[in-house]
Amino acid sequence: MLVTDITDYLAANVSGLAVATSTGGNLFSSPFPEGSPDSAVCVVEYPGLPTERSMGASTTAPVFERPKFSVIVRGAPTAFLATRNRIEDCLKV
C-alpha cells in the first residue's frame, strides 16, 4: 500500500522518525491515534485523480495511477522550530 511504503521510506530517511508499533514510535500510517506523542508524524492517503487508461500491453490495466497523500507533522506547543525542521526534513526526502 502507498501509505505503508511512504511511512517506511520516511522512517529510513528522516532522522528521529520510527514507525509506530505497540511499544512506541512517532510515525503513523493513519490519522494520529489517541494517546500518540505530541511530536509525531502521520501519513494519510486520500483519493487521487482517475487512473489513466490507454492502449498498451493490456486494455484493462491502467497505464499509471495518480495517488495522493498528506504528511502531517505536529509538535509540542513550545517546539515550533523543531517541528518546522521536521517538516523540512520530510519535504527534502
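The values are calculated or read from the model by the stated rules, or taken from the named source; none is laboratory data. Bear in mind the structure is a predicted one, so any value in this text is a computation, not a measurement. Please note: Cβ atoms are built from the backbone with ideal geometry, for glycine as well, and neighbour counts cover all protein chains shown. The protein model used for the area step is the full one, side chains on, heavy atoms only, and it has no ligands, DNA or RNA in it. Shrake-Rupley method; radii C 1.70, N 1.55, O 1.52, S 1.80 Å.
Quick notes on this structure:
- Heavy-atom accessible surface of Asp5, to the nearest 10 Å², is about 90 Å², with a 1.4 Å probe and all protein chains retained.
- Note that the chain presents 68 Å² accessible area per residue, ligands and nucleic acids not counted, probe 1.4 Å.
- Relative contact order, percent, the chain [alpha-carbon distance under 8 Å, six or more residues apart]: 23 percent
- The convex hull around the C-alpha trace of the chain, projected and averaged over every direction, spans 7.7 square nanometres.
- Of all accessible heavy-atom area on the chain, the percent that carbon and sulfur account for (1.4 Å): 57 percent
- Helix axis angle, 80-92 relative to the chain longest principal axis, alpha carbon, degrees: 30 degrees
- For the peptides 26-33, 72-79, the ranking by mean Cβ contacts within 10 Å, running from highest to lowest, is 26-33, 72-79.
- Principal-axis tilt of helix 2-13 within the chain, Cα atoms, nearest 10 degrees: 50 degrees
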